[in-house]
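The values are calculated or read from the model by the stated rules, or taken from the named source; none is laboratory data. Because the structure is predicted, anything quoted here is derived from the model rather than measured. Cβ sites come from the backbone with ideal geometry, for glycine too, and all protein chains shown count toward neighbours. Each accessible area value is taken on the protein alone, full model and side chains, heavy atoms only, with ligands, DNA and RNA left out. Shrake-Rupley method; radii C 1.70, N 1.55, O 1.52, S 1.80 Å.
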Amino acid sequence: MRTSSTFSVLFWVYGKRAVNNKANIYVRLTQNGKRVNISLKKKIEITTWDEKTQRANGTGKDSRILNLYLNEVQSKIYQIYEDFKKAEKPFTAQMVKARFLGEDKKRFSFQNLIDYYNEKMQHKLHKNTIGQYKTSQRYMLEYILKEYEETDIFISELDYSFVIGFEDFLRSYVPKLGQSKIGNNTAMKHIKRLRRMVTLAYRMEWLDRDPFINFKMKIEKKEREFLTSEELQRVEDLNSSIERLVLVKDLFVFSCYTGISYSDIVELTRDNIVIGIDGKPWIMAVRVKTGTPFKIPLLHQAQVLVDKYKDHLRTHSSANLLPKLSNQKLNSYLKEIADLCGIKKNLTFHMARHTFATTVTLSNGVPIETVSKLLGHTKLSTTQIYARVVEKKVSDDMALLMDKMDQKEIERAV
């Protein structure tokens, strides 16, 4: 992005530190009020220096050679400045100095890391994930501007204090109107993305040390909300004259009985319905988020919905298996459905996937390894969080049973 900036070059001598009436010559680079000095390793007699022209007085050989050198320095600095401008990336006077001294040949800036990471990952990560990285990177650059008063820094400056400073920045970040405050787990996600970028830089040998070596993530474990069998039945039984609510309800219920996320549902076509190894219809597709294949036998409740929308107006002109809606509207309509069904939970479309994992499968004895395959998880540990939820439900149910048995013992004793 091209940004307006002020840049100036000033040659000067350090008269106060003159020795035998000779002082060192410096060049000062100033950009947007920030300045750095470069020692040119040249000396000049103070009496022969002209502050107005910033050159040596006279036409003698020494003066002419020095002035030619200063002209070359000035030309080189402005060429470096123009090169940075043409690159249309943030830069500072410090970076111009480093380029002039040849110190940046193996030194990369934080913006270099962002650009390199995004370029290398654009075909490996889903566009939504890339979007999340860009949000995190925006916070990183805001932190650099606040902490270092620079638009960019060399990644050689990244250390443990940078990491904990970024964490503190996220936790104390004042959101804009309408935005929610950054919670602990969200902050950890931003730091996790920074860690992946830094790890790449470390492996590329752009960094001599790993700034995260002593840093520990602080993830708060949260229970995944899901619908109980009774709550799911209430949603299924909902009747409404409002078409959009019926449509959203059907999409949600379909996800509850397949475990397919909304981003994957909208990509499904009739071609994704195939006859499986058991001779019955299955849904076979690839997860948009991870590219992982998934194969799911169609339960009766899901098959009913596929049949319902087979010749529907919203799918008839396309090959889509089910109608499409924007995800934002989807969750808004789900809140209406929750109110109509008397469900106090924060009903979101992703809760359908949790409901499939817990209420529909694990609670009915489906092995966790099978559930992991159905959900398209690449790691069993990702699925195990649902197993813990089911275990908690078992524990709660057993506690109720124990209370009832204790009550019966009391009644017998009376």
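Every residue, every condition in (1) over 23 Å from Ser326 (Cα atoms); (2) touching a residue at least 40 places away in the same chain (Cβ under 8 Å); (3) not in a helix (DSSP H, G or I), yes or no:
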{"residue": "Val198", "(1), (2), (3)": "yes, yes, no"}
{"residue": "Tyr202", "(1), (2), (3)": "yes, no, no"}
{"residue": "Arg244", "(1), (2), (3)": "no, yes, no"}
{"residue": "Asp250", "(1), (2), (3)": "no, yes, no"}
{"residue": "Glu267", "(1), (2), (3)": "no, no, yes"}
{"residue": "Asp278", "(1), (2), (3)": "yes, no, yes"}
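Mind listing whichever residues of region 168-179 are within 18 Å of the chain's Cα centre (by Cα) and surrounded by fewer than 19 Cβ atoms within 10 Å (Cβ to Cβ)? Give the derivation first.
Pass one, region 168-179, residues within 18 Å of the chain's Cα centre (by Cα): 168-171, 173, 175, 179.
Answer for region 168-179, where residues must be within 18 Å of the chain's Cα centre (by Cα) and surrounded by fewer than 19 Cβ atoms within 10 Å (Cβ to Cβ): Asp168, Arg171, Tyr173, Pro175, Gln179.
In region 40-67, the residues that are outside any loop (DSSP other than H, G, I, E, B) form Cβ pairs under 6 Å with partners that are open to solvent by 60 Å² or more (accessible area, probe 1.4 Å), at six or more places apart or across chains, as follows: Lys43/Lys22; Glu45/Asn21; Glu45/Lys22; Ile46/Asn21; Thr48/Asn57; Asp50/Asn57. Taken over region 283-311, the criterion of being open to solvent by 90 Å² or more (accessible area, probe 1.4 Å) and assigned to a loop (DSSP other than H, G, I, E, B) is satisfied by Lys289, Lys310, Asp311. Note down all Cβ pairs under 9 Å where the first residue falls in region 350-379 and is free of Cβ contacts under 8 Å to residues at least 24 places away in the same chain, the second is basic (Lys, Arg), and they're at least six residues apart or on different chains. Cβ pairs passing all conditions: Ser372/Lys379.
Based on this model, can you work out whether Ile114 counts as of a type in the set (Val, Ile, Thr), modelled with pLDDT of 85 or more and over 28 Å from the mean Cα position of the chain (by Cα)? It is false that Ile114 is of a type in the set (Val, Ile, Thr), modelled with pLDDT of 85 or more and over 28 Å from the mean Cα position of the chain (by Cα). Within the option set Lys52, Lys97, Lys61, being at pLDDT below 95, surrounded by 12 or more Cβ atoms within 10 Å (Cβ to Cβ) and under 28 Å from Tyr26 (Cα atoms) holds for one residue only, Lys97. The sole residue among Asn67, Asn128, Asn71 that is open to solvent by 70 Å² or more (accessible area, probe 1.4 Å) and closer than 30 Å to Ile44 by Cα is Asn71.
Taking the listed residues Ile182, Ile144, Ile164, the one that is open to solvent by less than 30 Å² (accessible area, probe 1.4 Å) and either touching a Cys at 6+ places or on another chain (Cβ under 8 Å) or more than 20 Å from Ser109 (Cβ to Cβ) (or both) is Ile182, with no other qualifying.
Go through region 312-391 and tell me which helices (runs of 4 or more DSSP H), entirely inside it, have 2 or more residues that are loosely packed, with under 14 Cβ neighbours inside 10 Å. Lay out the reasoning, then the answer.
Working: elements: 313-316, 327-341, 350-355, 368-375.
Once the helices (runs of 4 or more DSSP H) in region 312-391 are filtered for at least 2 residues that are loosely packed, with under 14 Cβ neighbours inside 10 Å, what remains is 313-316, 327-341, 368-375.
Taking Asp83, is it free of Cβ contacts under 8 Å to residues at least 60 places away in the same chain, part of a helix (DSSP H, G or I) and open to solvent by less than 50 Å² (accessible area, probe 1.4 Å)? Outline the logic, then answer.
Values: free of Cβ contacts under 8 Å to residues at least 60 places away in the same chain: yes; part of a helix (DSSP H, G or I): yes; open to solvent by less than 50 Å² (accessible area, probe 1.4 Å): no.
For Asp83, the condition - free of Cβ contacts under 8 Å to residues at least 60 places away in the same chain, part of a helix (DSSP H, G or I) and open to solvent by less than 50 Å² (accessible area, probe 1.4 Å) - is not met.
In this structure, Lys222 does not satisfy being within 24 Å of Tyr116 (Cβ to Cβ) and either modelled with pLDDT under 85 or open to solvent by 40 Å² or more (accessible area, probe 1.4 Å) (or both).
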